[in-house]
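Derivation of every value follows stated rules applied to the coordinates shown; laboratory data play no part. What you see is a predicted model, and the numbers here were worked out from it, not measured in a lab. Please note: Cβ atoms are built from the backbone with ideal geometry, for glycine as well, and neighbour counts cover all protein chains shown.
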Amino acid sequence: MSEYILETRGLTKKFKNEIAVDNISLSIRKNSVFGLLGPNGAGKSTTLKMITGIMKPSAGEILFDNHIWTRKDLENIGALIENPAIYPNLTAMENLKLACTLYGLPKMRAEEVLNIVGLEKAGKKKVKNFSMGMKQRLGLGMAIINNPKLLILDEPTNGLDPIGIEELRELIRSFPFKGMTVILSSHILSAQVADEIGIISNGVIGYSGKIKKRRQS
């Protein structure tokens, strides 16, 4: 049995004459946090969108849990990419209950997730009245509602204050102990929570491996 939950082999994405992602090969270990780092336009979001099926690769392959990725694997993948997929005219609880219905989960899971992401006091509040940080929290809740094997977070700190970022850091570190692997695109969090990182620039991975920890003096 493979120790990796996800592997990409020669993953490539072309837009007309532009190569956005060029021959990327990554191996993401089970029950770990992997940080994908790089400047704006480096190819991070495009890579994550291919892994989640939002975009189709131009070449290469993706393996999920030791088999070729298919759309059925989305049942075991949670994602928060760009703007959270939430309904502004519904409350936080209603959004989560709707997600439970889509996944065939008991409604009590919505209440559990509301507590996990720290929105238990705002469950009856309409999302259109949420701050950006609260929307990010709810988006995270939507992403973990199905208790996925793989969680993909693209810049999840958007709109969060320093306290919110610290709480999110602790939450992300807890996920691997619950059987959840995390791929994280965030400079703010990766150095603090990632077990391994991949550095991407101009669509090419320049480094992939463990973070080199600084020695304490």
- Message: Using a Cα-Cα cut-off of under 21 Å, which lysines could be cross-linked to Lys13, ignoring same-chain neighbours fewer than 8 residues away?
- Response: Lys44, Lys49, Lys56
- Selection of GluC sites (Glu not before Pro), region 1-32, meeting DSSP coil and at most 15 other Cβ within 10 Å: Glu3
- Task: Considering only lysines 8 or more places apart in sequence, or on different chains, count the pairs in region 64-192 whose C-alpha atoms sit under 22 Å apart.
- Result: 24
- Task: Rank these for me by crowding, Asp65, Asp73, going from fewest to most other beta carbons within 10 Å.
- Result: Asp65, Asp73
- Query: What is the dipole size for region 38-120, taken about its Cα centre, with +1 at each Lys and Arg Cβ and -1 at each Asp and Glu Cβ, in debye to the nearest 20?
  - Reply: 240 debye
- Full extension from Lys124 to Ser201: what is 0.36 nm times the residue separation minus their Cα-Cα distance, to one decimal in nm? 23.4 nm
- Computed, not fitted: 222 nm per-residue ellipticity of the chain from DSSP H runs ≥ 4 (each -39500 (n - 2.57)), nearest 500, equal to -8500 deg cm²/dmol
- Task: Sort the following peptides by mean Cβ neighbour count (other Cβ atoms within 10 Å, averaged over residues), highest first: 24-34, 114-124.
- Result: 24-34, 114-124
- Message: Counting other beta carbons within 10 Å of each residue's own, what order do Val204, Val127 fall into, fewest first?
- Response: Val204, Val127
- Query: Which order results if Thr12, Thr70, Thr181 are arranged by neighbouring Cβ count within 10 Å, fewest first?
  - Reply: Thr70, Thr12, Thr181
- Message: Rg/Rh for the chain to two decimals, with Rh computed the Kirkwood way over all alpha-carbon pairs.
- Response: 0.97
- Give the distance, in whole Å, between the Cα centre of region 57-110 and the Cα centre of region 131-156. 10 Å
- Message: Between Arg29 and Asn76, what is the label-point separation in nm under the 7 Å Cα-to-beta-carbon projection?
- Response: 2.0 nm
- Note on the structure: One finds, for Tyr87 and Ser58 with R0 = 35 angstrom and r their Cβ-Cβ distance, a FRET efficiency to the nearest 0.05 of 0.60
- Would you mind calculating the relative contact order of the chain from Cα pairs under 8 angstrom and at least 6 residues apart, reporting the percent as a whole number? 29 percent
